[in-house]
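Beneath this line is the structure, given in structure tokens, with notes to follow.
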Amino acid sequence: MAVTINTSDAPKRKLNLYGGWRAAFPFLLPSLIGFFFFFLLPTARGIYLSLTDWNLLSNSGDFIGTENYERLADDPLFWNSVRVTLFYVVINIVAQTLLAIGIAVMMDRLTKSAFVRAVVLLPYLIPNVIVTLLFVWLLDPTFGVVSDAIAAIPIIGFESNYFTSIDGVIPTIAAVMTWRHMGYTALLIFAGLQTIPKSLYEAASLDGATEWQMMRRITVPLLRPVLALVLVITVIGSFQVFDAVQVGTGGFGGRPGGPINASRVIYLYIFENAFNFNDFGYAAAISVVLLGVLMVVTAFQLKILRADESDLA
Amino acid sequence: MTVTLPTDSIGAASAPPSKPGIPLRQRMSRGLAWTMLALLILVTLFPFYWALRTALTTNPDLFAGDNGLIPQNPTDLNFLRVLGQATPEEVQIASGRENSGSFDYLQALKNSVIIATAIAVGQVFFSALAAYAFSRLRFAGREKLFFLYLTGLMIPPIFTLIPNLLLVRGDFWLFQVTGESLNWLPFYESEGVFLLNTLPGVIAPFFLMTPFAVFFLRQFFLGINRSLEEAALIDGASHARIFRSVILPIATPQMITLGVLTYVTAWNEYLWPLVVARADEVQPMTVALGIFSSQQPGTAPDWSGLMAGTLLGALPVILIFLIFGRRLVDSIQFSGIK
């Protein structure tokens, strides 16, 4: 009975079934407000601010064209921050990626235990601030238990002032952040490993291939798309190091970015210009450059690693 | 059955010479791999143990050389003083000095809980609404709008930090807004500068959406079978009703997982609250701990107090980890493949 009534209605109704803007608008409205006010507007405004001499204290500024960018080109502290950041990114990404691949392969080939996976994720859940404080203590030159242990290793053991050493501070922060992120990165890679057919390993094993050969000939090539994505995520994250530097070098009588300028990464330099020197215009200009660099780095990585193609065909 | 098992294993034990399948080299590398795994777990967990061990020792004992694996005179004074439950004499005993820097743990805890809860609930709910529109409704410019949202993923937070601060100070570029108009907001006490130094100000940028949350949920909604919804639609159900009675029940586990992930991210946030929530009453845990550590002297800082503070500061996240660890692992793997 109901069927006969519905049939006449159906074609008309079908057109409106999936809505149009009238149906979509109430669902989209909150996110549109959020996106407009906290992403779109600030992005446009950030670019505008970089062309002004906006001052935080007077809360005003005039349009000065590209003056901030010209100043940037001749600012040794800016170039120092670029160097320091790149140094950090290279150490952090190389160490973190190699360790994460190792951990992921180990989890894949050795144990599927959920406990192991949960444990390796733990450091990622702890705030940077807390992780950094923990390691400032563990690596304390006089009382730190980890610094003592490192010094006690035969042959390769060494002593360092870690967070307060000019040469050591960036490698130290890179190592601490590697400790925090390697498990998370390993989980992403582990997920990618699950998509490689097990039959390939069985066949290779029957042919007498060693673990190392399987790793080089099967795992790495087939993992490339996932690895590309993971690298894009981790490299972008690595460029944005801030909390660990601010807390690790700014506490305990030190100055953030120290000793001297050895750990003044680009995020910190932007932060200082904005909030110590109240120079919003200049800080915004450096942010624009950072955004540009990140976009170029991402595009370059995706191209080099051919992220969208898999060798599994 | 109990008899056959041992015989089996004895048989297996005597077998290796006749079993060329697993060469000695491979067995050695397996042993090595297990050792590495054990080492990995040790490296991951040891710092937490050491923080606990340090927090159980008084500062003077620590500097007097009590640094074995197990503290010689364990004490709970450090935890008590971080919680504000110790007398001045006890503080002096535990920290080894009269004034060891201040840090209102309970206030910071309360702030962090309010901030992280509001962000997790708001962001997941409103992003789910948007994800429903992107995965189920057809409207002009849908793909373009979604792509625009995704470009938000690429913008580094420091880029929007300064403009967002201006916004929170009531400067909307074209017009100014003052604090008095907002007295209806929860957790809001106007001090005149719009949302600066208020909890709603810390929450606002993450409350209505993040590109990641919309992306994550859309990806999940696309995988939900549509036949049930289509039947409901033909029966004349509204989209609001379908969202509430079909999508929400199916997606609840994923939304909880995303909520936990969002909660942890919000709990860990440092840069944004450092800029907009410097006042004691609104500081979250991360900012309070950062300021506490910057009050410490370069020589002989109050390590036992700091470690008690960091452990208590990480406690809520550790609890979440114990309850949701498995789910978090699964969701991170999910986000890795998609």
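The table below gives the values:
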read-out: Sole exception among (1) open to solvent by 60 Å² or more (accessible area, probe 1.4 Å); (2) within 22 Å of the chain's Cα centre (by Cα) for A:Asp148, by number; value: (2)
read-out: Verdict on B:Ser294 being of a type in the set (Gly, Ala, Ser), at pLDDT below 90 and within 25 Å of A:Pro127 (Cα to Cα); value: yes
read-out: So A:Gly254, is it in contact (Cβ under 8 Å) with a residue 40 or more places away in the chain, farther than 24 Å from A:Ala299 by Cβ and buried (at least 21 other Cβ atoms within 10 Å of the Cβ); value: no
read-out: Members of the stretch B:34-68 found to be under 20 Å from A:Val119 (Cα atoms) and open to solvent by less than 50 Å² (accessible area, probe 1.4 Å), listed by number; value: B:Leu37, B:Leu40, B:Ile41, B:Thr44, B:Pro47, B:Phe48, B:Trp50, B:Ala51, B:Arg53
read-out: Meets criteria (at the interface with another protein chain (Cβ under 8 Å from one of its Cβ atoms) and of a type in the set (A, V, I, L, M)) for B:Ile224; value: no
read-out: Which numbered condition A:Ile91 fails, given (1) modelled with pLDDT under 95; (2) surrounded by fewer than 21 Cβ atoms within 10 Å (Cβ to Cβ); value: (1)
read-out: The listed residue being in a loop (DSSP other than H, G, I, E, B) and among the β-branched types (Val, Ile, Thr), out of A:Ile196, A:Ile170; value: A:Ile196
read-out: Criterion (in a helix (DSSP H, G or I) and modelled with pLDDT under 90) met by exactly one of B:Val264, B:Val246; value: B:Val246
read-out: Lone qualifier among A:Leu121, A:Leu77, A:Leu99 - being touching a residue at least 40 places away in the same chain (Cβ under 8 Å), within 23 Å of B:Thr35 (Cβ to Cβ), open to solvent by 30 Å² or more (accessible area, probe 1.4 Å) and out of contact with any Asp or Glu (no Cβ under 7 Å at 6 or more places or on another chain); value: A:Leu99
read-out: Residues being within 11 Å of B:His239 (Cα to Cα) and within 7 Å of another protein chain (Cβ to nearest Cβ) - total across the stretch A:18-42; value: 5
read-out: Search result, residues across the stretch A:260-277 that are over 13 Å from A:Asn80 (Cβ atoms) and away from chain B (no Cβ under 11 Å); value: A:Asn276, A:Phe277
read-out: Scope the stretch B:293-338; condition part of a helix (DSSP H, G or I), open to solvent by 50 Å² or more (accessible area, probe 1.4 Å) and hydroxyl-bearing (Ser, Thr, Tyr); matching residues; value: B:Ser294
read-out: Cβ-Cβ under 9 Å pairs, at least 6 apart or on other chains, the stretch B:142-163 side more than 8 Å from chain A (Cβ to nearest Cβ) and within 29 Å of A:Phe275 (Cα to Cα), far side among the acidic types (Asp, Glu) and buried (at least 16 other Cβ atoms within 10 Å of the Cβ); value: none
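Let's see how each residue does on (1) within 30 Å of B:Asn197 (Cα to Cα); (2) touching a residue at least 40 places away in the same chain (Cβ under 8 Å); (3) among the basic types (Lys, Arg):
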residue: B:Ile250; (1), (2), (3): no, no, no
residue: B:Tyr270; (1), (2), (3): yes, no, no
residue: B:Ala277; (1), (2), (3): yes, yes, no
residue: B:Pro284; (1), (2), (3): yes, yes, no
residue: B:Arg327; (1), (2), (3): no, yes, yes
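Results for (1) aliphatic (A, V, I, L, M); (2) under 30 Å from B:Arg278 (Cβ atoms); (3) assigned to a helix (DSSP H, G or I); (4) in contact with a helix residue (DSSP H, G or I) (Cβ under 6 Å, 6 or more places away or on another chain), shown as yes or no for each residue.
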site: B:Arg53; (1), (2), (3), (4): no, no, yes, no
site: B:Thr57; (1), (2), (3), (4): no, no, no, yes
site: B:Gly65; (1), (2), (3), (4): no, no, no, no
site: B:Gly68; (1), (2), (3), (4): no, no, no, no
site: B:Gln72; (1), (2), (3), (4): no, no, no, no
site: B:Leu80; (1), (2), (3), (4): yes, yes, yes, no
site: B:Ala86; (1), (2), (3), (4): yes, yes, no, yes
site: B:Val91; (1), (2), (3), (4): yes, yes, yes, yes
site: B:Arg97; (1), (2), (3), (4): no, yes, no, no
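For every residue, the table says whether it meets (1) in contact with a helix residue (DSSP H, G or I) (Cβ under 6 Å, 6 or more places away or on another chain); (2) within 13 Å of another protein chain (Cβ to nearest Cβ); (3) surrounded by fewer than 16 Cβ atoms within 10 Å (Cβ to Cβ).
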{"site": "A:Val131", "(1), (2), (3)": "yes, yes, no"}
{"site": "A:Leu139", "(1), (2), (3)": "yes, yes, no"}
{"site": "A:Phe143", "(1), (2), (3)": "no, yes, no"}
{"site": "A:Ala152", "(1), (2), (3)": "no, no, yes"}
{"site": "A:Asn161", "(1), (2), (3)": "no, yes, no"}
{"site": "A:Ile173", "(1), (2), (3)": "yes, no, no"}
{"site": "A:Tyr184", "(1), (2), (3)": "yes, yes, no"}
{"site": "A:Leu188", "(1), (2), (3)": "yes, yes, no"}
{"site": "A:Glu202", "(1), (2), (3)": "no, yes, yes"}
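Rundown of residues vs (1) more than 18 Å from B:Arg136 (Cα to Cα); (2) open to solvent by 30 Å² or more (accessible area, probe 1.4 Å); (3) not in a loop (DSSP other than H, G, I, E, B), yes/no style:
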residue: B:Asn197; (1), (2), (3): yes, yes, no
residue: B:Pro200; (1), (2), (3): yes, no, yes
residue: B:Ile203; (1), (2), (3): yes, no, yes
residue: B:Arg218; (1), (2), (3): no, yes, yes
residue: B:Ala231; (1), (2), (3): no, yes, yes
residue: B:Ile242; (1), (2), (3): no, no, yes
residue: B:Asp280; (1), (2), (3): yes, yes, no
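The values are calculated or read from the model by the stated rules, or taken from the named source; none is laboratory data. Every value quoted in this text rests on a predicted model; they were computed, and no experiment measured them. Note: ideal-geometry Cβ built from the backbone for every residue, glycine included; neighbour counts use all protein chains shown. SASA here: full protein model, heavy atoms, side chains in, ligands and nucleic acids out. Shrake-Rupley method; radii C 1.70, N 1.55, O 1.52, S 1.80 Å.
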